[in-house]
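Single-structure report; data block below.
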Amino acid sequence: MAKPKVNAGAATEAVAANLARIRDDQRISVRAMAERSGNRLTPNAVSEIENGRRKVDVDDLVILAIALDVSPVTLLMPPAPLTKPVRERGYDNLPNWSPETYTDMDVTLVKEDESKGQPPITSDAETVWDWLTGFAPLNLSAANLDIPEWQRNSQREEWQRRIRPFFAWGKRYRDG
């Protein structure tokens with residue numbers, strides 16, 4: 001009998017969806033995935049993660065990212081469907097995490113908790129990617145026109161100094 005699905009949050013669901021998508025794109029079997037993990041994860045564990053029957057802890061996330069040769073951020077980025085303009089340009093096979101696919105697309109970071117009356121936490125996909133990659137804080141969207149650009153840049157640079165290790169200060173991780 002299969003294990004029941006776990007009560008997973010949005011991050012666990014994102015990792016599961018991205019693991020399945022990337023493993024499929026790379027044509028890696030669950031057995032090969034387990035081998036790539038140095039057998040730190042069993043084929044059953046990989047399958048359970050993909051099918052929502054096992055939560056992913058931080059160690060699992062790192063092992064999966066190494067085995068897939070991707071950044072942990074790639075696994076954490078909530079999936080967003082391709083936007084219509086991207087489809088019209090004929091890019092149907094772009095992976096969900098490609099920046100071109102995130103024009104004005106909201107993704108869920110934390111699911112709604114009706115029992116506590118807490119709404120979901122969502123943001124546009126490009127802002128989430130910038131936050132996950134350490135480029136900008138989550139609350140500093142380029143669409144926030146209430147703050148002048150020079151002030152947004154200053155706030156972003158201060159945030160980057162606060163969150164990055166000292167050896168990464170001053171490095172640019174994204175054009176812009």
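The values are calculated or read from the model by the stated rules, or taken from the named source; none is laboratory data. What you are looking at is a predicted structure, and each value in this text was computed from that prediction instead of being measured. Neighbour counts are summed over all protein chains in view; Cβ atoms, including those assigned to glycine, are modelled from backbone coordinates with ideal geometry.
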Residues located in region 1-27, provided they are part of a loop (DSSP other than H, G, I, E, B) and surrounded by 18 or more Cβ atoms within 10 Å (Cβ to Cβ) = ALA8
Starting from region 29-51, take each residue that is in contact (Cβ under 8 Å) with a residue 40 or more places away in the chain and list its partners that are assigned to a helix (DSSP H, G or I), counting only C-beta distances under 9 angstrom and pairs at least six apart or across chains.
-> ASN51/ALA16; ASN51/ALA20
Residues of region 31-46 satisfying the condition of being of a type in the set (Val, Ile, Thr) and buried (at least 19 other Cβ atoms within 10 Å of the Cβ) | VAL46
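Could you tell me whether any residue of region 83-101 is of a type outside the set (Phe, Trp, Tyr) and at pLDDT 85 or above?
The answer is no; no qualifying residue exists.
For residues that are among the charged types (D, E, K, R) and in a helix (DSSP H, G or I), scanning just region 47-62, find the one that is surrounded by the fewest Cβ atoms within 10 Å (Cβ to Cβ). It would help to see each step written out before you state the result.
Our first condition is that a residue be among the charged types (D, E, K, R); within region 47-62, this holds for 48, 50, 53-55, 57, 59-60.
Still in the running and in a helix (DSSP H, G or I): 48, 50, 59-60.
On the way: GLU48: 20, GLU50: 20, ASP59: 10, ASP60: 20.
The selected residue is ASP59.
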Kindly list, by first and then second residue, each pair from a residue in region 146-158 that is under 12 Å from PHE135 (Cα atoms) to a residue that is exposed (fewer than 11 other Cβ atoms within 10 Å of the Cβ) and not aromatic (Phe, Trp, Tyr), limited to pairs with Cβ atoms under 6 Å and residues at least 6 apart or on different chains.
-> none
